[in-house]
1. Counting Lys and Arg as +1 and Asp and Glu as -1, each charge on the Cβ, what is the dipole of the chain about the Cα centre in debye, to the nearest 20?
2. Find the lysine pairs in segment 1-89 meeting two conditions, Cα atoms under 18 Å apart and a separation of 8 or more places or different chains, and report how many there are.
3. So how far apart, in nm, are the two label points at D125 and H182 if each is 7 Å from Cα heading toward Cβ?
4. FRET efficiency for S64 and S207, Cβ-Cβ distance as r, R0 = 41 Å, nearest 0.05?
5. Tell me, what is the percent relative contact order of segment 45-167, built from C-alpha pairs under 8 Å that lie six or more residues apart?
6. Between R173 and E4, what's the calculated FRET efficiency when r is the beta-carbon distance and R0 is 35 Å? Round to 0.05.
7. Below 17 Å, Cα to Cα, which aspartates and glutamates can K103 reach? Residues fewer than 8 away in the same chain don't count.
8. Which one of G57, F99, Q85 has its Cα pushed farthest toward the positive end of the charge dipole of segment 1-143, where Lys and Arg give +1 and Asp and Glu give -1 at the Cβ?
Amino acid sequence: MTIELKNITTGYSKNNVFENFSGKISCNNLVVLMGKNGVGKSTLLDVISGLKKIDSGSLYGIPSTKEIMYMFQSTPFYSDVTVKQMIDMYKSFGKTTSFEKYKIIKIKNFFDENINPLLNQSLGDLSGGEAKLVFTYASAMVPKSLYLFDEPLSGVDPENRIKIIKLLEELGRKVPVIITSHEILPFKNINCTLKYLSTHRFIFSGSYAQLTKKYGATPEEAFLNLTQEMRKENKGYE
């Protein structure tokens, strides 16, 4: 699946987040949208999902809204609901699970090791990392044509962060998955495409190795250099 955005302009009140933004997202593996806070990562997911209307421009290659699973950064829930009850609810959204539909074999082991031990716990008793892990798994389980995850690693401890990334990496091998993140290092050894966002285009698109080779030996240095390049580019449009 390739999503194309042509001359997209949209924003909030009088402030445009994107101005004549154009770019393509080829979902051949896990896609990670990066950028500094406020650059529009979440807004872009909102646009792709159809939640955010655009003022001008065109979108191509996006499936219908009913074929999109979108997990927001914060997910409301009833604290006394058990993990099993929530998983069963998500299972009821489809005749089968995405793991069965797309034959993602490794997910069975993932469930046994990470979700099964939590089944009888209430959502309110889970740690922040455990809750994010459970909601990510449940969202990934629903059979859809496109998956969007807004900051799935935010507020997650290192152990659960690795688990979530591995889960999304496996899903992304079979079906289009786009996530947002303001971190680079967690994706060092992950099969994914990193895309750095600006107001008008993607400044960078490639692997972790390509990113650090071009912009800096460390993730911090690369992120800083990318941000500086974005600011110079945006200033040129003023």
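1. Roughly 740 debye for the chain.
2. Within segment 1-89, the lysine pair count is 11.
3. A separation of 3.4 nm, rounded to one decimal place.
4. 0.85
5. 39
6. The value I calculate is 0.95.
7. Straight-line reach from K103, under 17 Å: D112, E169, E170.
8. It is G57, whose Cα lies furthest towards the positive end.
Read the figures in this text as sums done on the coordinates, not as results from a lab. Everything quoted here is computed from the prediction, not taken from an experiment. Neighbour counts run over all protein chains shown; Cβ positions are idealised from the backbone, glycine included.
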